[in-house]
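All remarks here apply to the structure that follows.
The values are calculated or read from the model by the stated rules, or taken from the named source; none is laboratory data. The shown structure was predicted, so the numbers you read here are calculated from the model rather than taken from an experiment. Using ideal geometry, Cβ is built from the backbone for each residue, glycine included, and neighbour counts are taken over all protein chains shown. Surface areas here come from the heavy atoms of the whole protein model, side chains and all, with no ligands, DNA or RNA. Shrake-Rupley method; radii C 1.70, N 1.55, O 1.52, S 1.80 Å.
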Amino acid sequence: MSASSLQNGGNSGSPSPKVRDTSFKARAIRDLKRNYEIYLILVPVIVFYLIFSYAPMGGLAIAFQDWRPGRAMFGEGARWVGLKHFKDFFGSYYFVRVLRNTVTISVSSLAFGFPAPIILALMLNELKSKYYARAVQTVVYLPHFISMVVLCGMINLFVRDNGVITQVLGFFGFPKQNMLLNPDLFVPIYVISGIWSGVGWGSIIYLAALSGVDQQLYEAAEIDGAGKWMQTIHITLPCIVPTIIIQFIMRTGQILSVGQEKIILLYNETIYDKADVISSFVYRKGLLESNWSYSTAVGLFNSVINFALVTVVNKISSTVSETSLW
Amino acid sequence: MAQNKNKIKISPAERAFDIFNVLFMFFLCIIMIYPFFYVVVASISEPAKLMAHDGLLLAPQGLSGGAYSSVLKNPRVWTGYGNTIFYVIVGTTFNIIMTVLCAYGLSRKGLMFNRIVTIMVVFTMYFSGGMVPSFLVVRGLGLYNSRLALIIPGAISTFNMIIMRTAMAGVPDSLEESARLEGASHLQVLFKIMIPVTMPTIAVLILYYGVGHWNSWFSASIYLKDPSKYPLQLYLRQILIQSQMSDMNQASASEDQALLAETIKYATIIVATVPILVLYPFLQKYFVKGVMVGSLKG
């Protein structure tokens, strides 16, 4: 809304006989008086967000300082060092490593993990027996609820040198090894376990889109002699394309945000070279090695890039599909 | 085929696809279930026979309850269970109170400052101070090694709050207006009208937050020092993942114990996951409903 439309609304919109004070201050006071109860309800919420979301944003200042516990963050005593930590990071061997690993892991997850739920949803949709379909759904959603610790614990047990997956692969000639000690196997393990735990849950949104497809379209197509396959290509797919596009765009916005939890649970020093991502690096440098300022700088770099990506992607999304995040 | 005369003929290719589809889905279910089956079977096997076995397990290798009895005798498992139940109940209650307050406030129309508060809240979904500054704030508040560190900092998931706000905004204005005309305060409107009407959505959020607390371990690992406050997942991590790491480096003391330690891992997974597995079939439809609600206003 532009400023001029606001003014017009204020001048001509109110037919009240008394001249009302329409200054911002007066309107604000009236609004607070009338709605004070709602604002009181919001006070704890606002305090919560200020403390736990906005205070840490203020704390980002230490990315530009040599901060350590006991030293002031603002005002006197703060030791500002400008972009030193950023330069250190960009110039270090770790920069290329964590950036490369983050991109590799998330692009692989996207390439294999993104189509999987779509295919699953399409296949579930084709099942003739709705009871069977529902039973399959119940089973495939289940892994989503398993905790990350249990998921990674099971991976750990299954892929070590005498683990069941290693043994089964052994029948096909794979070497007997602890697969988590082999750097080249980390990304496949990460991606495949991600698909296992997420494919069913991810299919829900596509199933919802599929259930919204107008059944008359299929009847019309049948009368025209289109077979099942033609119906899938020409009716089903086009109807869920908007959902697919939105989901894809959102995933692209998160291409540089690989969460640290699964990484930390799966990796070990032997495979840092292929498994360490930005978030796990921030965790190790900051929380384990107390390198507060440096790791805050790395985290800030990541946050800024992520924010920029989401903004760009949202712009694209609102142009392509009129669906925008904000 | 005679009875299908009115319908279009099913071509052999389509029939082949249908059969393939049914079989493929069956195969997929096996892939989803088998890891759990394996864990159950391994947990009740005799440790030595289990270790000697090669390849897929289809039945227990011998029968032994040793792993379970040692898991259930372990006081740390019970401490973890108790702590987790505490975090789930107290944490989820606090989550719901804060989320409902926030959603109610932000779903009211015609307030001058709601837009700015909404922007302030939604912005946090896209940008945050990050791991280290958040840690420093929580520690600065004196919450380090306090159970409250697992309850207060994550009180509102903004995504869940938006689901709640959408539900509240969808309640017909007339309900609130008539109550207001009769002199009800906003708090009365909230408790007498909005909460009962949006109860199905609140139930979904209780499940989301509850499972979140049950499964959470990361905040506990950075904020808690005292093992007596550890949730179950953190203890699980110690025996499933950290012990794994040390196994690689050192040979264990006694062979019998080392073998038992293996089946104990499987038994602990089961003990920690049983509540979810038992409740899941009954709650599945609510979870699914949550995805639908969330996707409407994604």
Task: Checking B:Ile85 against (1) open to solvent by 10 Å² or more (accessible area, probe 1.4 Å); (2) at the interface with chain A (Cβ under 7 Å from one of its Cβ atoms); (3) of a type in the set (A, V, I, L, M, F, W, C); (4) without any contact (Cβ under 8 Å) to a residue 24 or more places away in the chain, the condition it does not meet - done: (2)
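Could you list all residues from the range B:67-84 that are of a type in the set (A, V, I, L, M, F, W, C) and touching a Pro at 6+ places or on another chain (Cβ under 9 Å)?
Keep residues of the range B:67-84 that are of a type in the set (A, V, I, L, M, F, W, C), which gives B:67, B:71-72, B:77-78.
B:Ala67, the sole residue that qualifies.
Considering only residues that are of a type in the set (A, V, I, L, M), outside any loop (DSSP other than H, G, I, E, B) and open to solvent by 40 Å² or more (accessible area, probe 1.4 Å), which ones fall in the range A:80-102? Lay out the reasoning, then the answer.
Taking the range A:80-102 and keeping what is of a type in the set (A, V, I, L, M), we get A:81, A:83, A:96, A:98-99.
Checking the rest, the ones that are also outside any loop (DSSP other than H, G, I, E, B) come to A:96, A:98-99.
Listed by number, the residues that qualify are A:Val96, A:Leu99.
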- [ ] Would you be able to tell me the number of residues in the range B:216-236 that are under 19 Å from B:Met131 (Cβ atoms) and either of a type in the set (Lys, Arg) or outside any loop (DSSP other than H, G, I, E, B) (or both)?
- [x] 9
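Is it true that some residue in the range B:130-141 is surrounded by fewer than 19 Cβ atoms within 10 Å (Cβ to Cβ), facing chain A (nearest Cβ under 7 Å) and at pLDDT below 95? Working first, answer last.
Our first condition is that a residue be surrounded by fewer than 19 Cβ atoms within 10 Å (Cβ to Cβ); within the range B:130-141, this holds for B:139-141.
Subset that is facing chain A (nearest Cβ under 7 Å): none.
Scanning the range B:130-141 turns up no residue that is surrounded by fewer than 19 Cβ atoms within 10 Å (Cβ to Cβ), facing chain A (nearest Cβ under 7 Å) and at pLDDT below 95.
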Task: Of all residues making up the range A:278-300, the number that are open to solvent by less than 10 Å² (accessible area, probe 1.4 Å) and either under 15 Å from the mean Cα position of the chain (by Cα) or of a type in the set (Lys, Arg) (or both) - done: 1
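May I ask you to say which residue of B:Leu63, B:Leu57, B:Leu72 is of a type in the set (A, V, I, L, M) and surrounded by 16 or more Cβ atoms within 10 Å (Cβ to Cβ)? Give the steps one after another, and end with the answer.
Working: B:Leu63 fails: surrounded by 16 or more Cβ atoms within 10 Å (Cβ to Cβ); B:Leu72 fails: surrounded by 16 or more Cβ atoms within 10 Å (Cβ to Cβ).
Step by step, each of B:Leu63, B:Leu57, B:Leu72 is checked, and only B:Leu57 is of a type in the set (A, V, I, L, M) and surrounded by 16 or more Cβ atoms within 10 Å (Cβ to Cβ).
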TODO: Would you mind stating whether B:Gly130 is farther than 30 Å from B:Gly210 by Cα, assigned by TED's automatic domain parsing to the domain that holds B:Ser157 and not hydrophobic (A, V, I, L, M, F, W, C)?
DONE: no
- [ ] Please find, within the range B:176-185, the residue that is farthest from the other protein chains (Cβ to nearest Cβ) out of those that are without any contact (Cβ under 8 Å) to a residue 12 or more places away in the chain and assigned to a helix (DSSP H, G or I).
- [x] B:Ser178
Task: Options B:Thr93, B:Thr99: the member that is modelled with pLDDT of 95 or more and more than 19 Å from A:Tyr39 (Cα to Cα) - done: B:Thr93
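If you scan the range A:62-79, which residues turn out to be farther than 15 Å from A:Lys285 by Cβ, charged (D, E, K, R) and open to solvent by 50 Å² or more (accessible area, probe 1.4 Å)?
Of the residues in the range A:62-79, the ones farther than 15 Å from A:Lys285 by Cβ are A:64-65, A:69-79.
If we keep only those that are charged (D, E, K, R) as well, we get A:71, A:76, A:79.
Hits for the range A:62-79 are A:Glu76, A:Arg79.
Taking A:Leu32, is it open to solvent by 40 Å² or more (accessible area, probe 1.4 Å), not in a loop (DSSP other than H, G, I, E, B) and not acidic (Asp, Glu)? Working first, answer last.
On the way: open to solvent by 40 Å² or more (accessible area, probe 1.4 Å): yes; not in a loop (DSSP other than H, G, I, E, B): yes; not acidic (Asp, Glu): yes.
Judged against the criteria, A:Leu32 is a match.
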TODO: State whether one or more residues within the range B:105-118 are more than 9 Å from chain A (Cβ to nearest Cβ), open to solvent by less than 20 Å² (accessible area, probe 1.4 Å) and in a helix (DSSP H, G or I).
DONE: yes
Open item on the list: Looking at the range A:170-185, can you tell me whether even one residue there is within 8 Å of chain B (Cβ to nearest Cβ), open to solvent by 30 Å² or more (accessible area, probe 1.4 Å) and under 25 Å from the mean Cα position of the chain (by Cα)?
Closed with: no
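Results for (1) crowded, with 20+ Cβ neighbours inside 10 Å; (2) in a helix (DSSP H, G or I), shown as yes or no for each residue.
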{"site": "B:Met120", "(1), (2)": "no, yes"}
{"site": "B:Tyr126", "(1), (2)": "no, no"}
{"site": "B:Asn145", "(1), (2)": "no, no"}
{"site": "B:Pro153", "(1), (2)": "yes, no"}
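Of the residues B:Ala16, B:Ala52, B:Ala48, which is touching a helix residue (DSSP H, G or I) at 6+ places or on another chain (Cβ under 9 Å) and not β-branched (Val, Ile, Thr)?
Numbers: B:Ala16 fails: touching a helix residue (DSSP H, G or I) at 6+ places or on another chain (Cβ under 9 Å); B:Ala52 fails: touching a helix residue (DSSP H, G or I) at 6+ places or on another chain (Cβ under 9 Å).
One residue alone meets the criteria, B:Ala48.
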Task: Only listed residue being open to solvent by 40 Å² or more (accessible area, probe 1.4 Å), touching a residue at least 60 places away in the same chain (Cβ under 8 Å), farther than 21 Å from B:Thr92 by Cβ and more than 11 Å from every other protein chain (Cβ to nearest Cβ), chosen from B:Lys192, B:Lys225 - done: B:Lys225
- [ ] Go through B:Leu205, B:Leu175 for me and flag whichever is under 29 Å from A:Glu37 (Cα atoms) and surrounded by fewer than 19 Cβ atoms within 10 Å (Cβ to Cβ).
- [x] B:Leu175
Open item on the list: Can you report the number of residues in the range A:215-267 which are buried (at least 18 other Cβ atoms within 10 Å of the Cβ) and of a type in the set (Phe, Trp, Tyr)?
Closed with: 1
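Look through the range A:105-154, keep the residues that are assigned to a helix (DSSP H, G or I) and of a type in the set (Lys, Arg), and return whichever of them is nearest to the other protein chains (Cβ to nearest Cβ). Don't jump to the end; show me each part of the working.
Restricting attention to the range A:105-154, the residues satisfying the condition of being assigned to a helix (DSSP H, G or I) are A:105-113, A:115-126, A:130-145, A:148-154.
When the remaining residues are screened for being of a type in the set (Lys, Arg), the result is A:130, A:134.
Values: A:Lys130: 13, A:Arg134: 10 Å.
The extreme case among them is A:Arg134.
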- [ ] Give the residues of the range A:217-267 that are of a type outside the set (Gly, Ala, Ser) and outside any helix (DSSP H, G or I), sorted by residue number.
- [x] A:Asp224, A:Gln254, A:Ile255, A:Leu256, A:Val258, A:Tyr267
